[in-house]
Amino acid sequence: MIGYIKGKVLAAEAGAVLLENGGIGYELVCSGALFAKLASAKEGEAYTYLQVREDGISLFGFVSLEEKKMFLQLVTVSGVGPKMGIAILSGMSVQDIAVAIASSDVKLLSSVKGLGKKTAERIILELREKVNAVPAPAAGAKAPAPVQEKMSDVEEDAVVGLMSLGYTRAESVRAVKGAVERGASGIEEIVMSALRSM
């Protein structure tokens, strides 16, 4: 599995970048953020996901590990393939996707070109179920329990949004609690404040 590449940018066109490393040119289908970063650069790096199918092999590139994690979660959803995952990441930031999932904002998700309302609803449903199914770590199970009892619906949605980015429930609860204590209100403000502290 090729998970990371660093090298010279040989070409950049139509959302794809040719990155040379060790005399081999790797063609990456890029997220919007990675393409913007590498298109005008001489050298660069990318986190990657290698897809092997009967009809070919594709290499997808991401600007950060967080972006790659979000992509891997998106493609677990029925009806969302790698190309759609890249399209979603190119149309929205990782933070915006997390907020949309946490707040069940179908309209925001379906604003991505090529993503219909039904698929957006499925993304929200399947990813929220997935993150809610993740058990709290045994070591921290005692501490988060009383906190969760006092959490509002908005705070719980913010926790779900952070978990969809790959953070544990314990980490997410701590960060959300801290964001609220700093005066954040509203799901988007809480998630953004929590992300800055993580």
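The values are calculated or read from the model by the stated rules, or taken from the named source; none is laboratory data. Small disclaimer: the values here were computed from a predicted structure and weren't measured. Note: ideal-geometry Cβ built from the backbone for every residue, glycine included; neighbour counts use all protein chains shown. The protein model used for the area step is the full one, side chains on, heavy atoms only, and it has no ligands, DNA or RNA in it. Shrake-Rupley method; radii C 1.70, N 1.55, O 1.52, S 1.80 Å.
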Considering residues that are assigned to a strand (DSSP E or B), touching a helix residue (DSSP H, G or I) at 6+ places or on another chain (Cβ under 9 Å) and either touching a residue at least 40 places away in the same chain (Cβ under 8 Å) or acidic (D, E) (or both), the number found within segment 20-44 is 2
I'd like the full set of residues that are modelled with pLDDT of 90 or more, over 19 Å from M92 (Cβ atoms) and open to solvent by 70 Å² or more (accessible area, probe 1.4 Å), limited to segment 33-44.
K42, E43
For segment 100-115, pairs from a residue that is part of a helix (DSSP H, G or I) to a residue that is modelled with pLDDT of 90 or more and among the acidic types (D, E), with Cβ under 6 Å and 6 or more apart or across chains, are V106/E121
For segment 144-183, name all the residues that are at pLDDT 80 or above, open to solvent by 10 Å² or more (accessible area, probe 1.4 Å) and either part of a loop (DSSP other than H, G, I, E, B) or hydroxyl-bearing (S, T, Y) (or both).
S152, R182, G183
Looking only at residues that are touching a residue at least 12 places away in the same chain (Cβ under 8 Å) and among the basic types (K, R) in segment 45-71, which one is least open to solvent (accessible area, probe 1.4 Å)?
K68
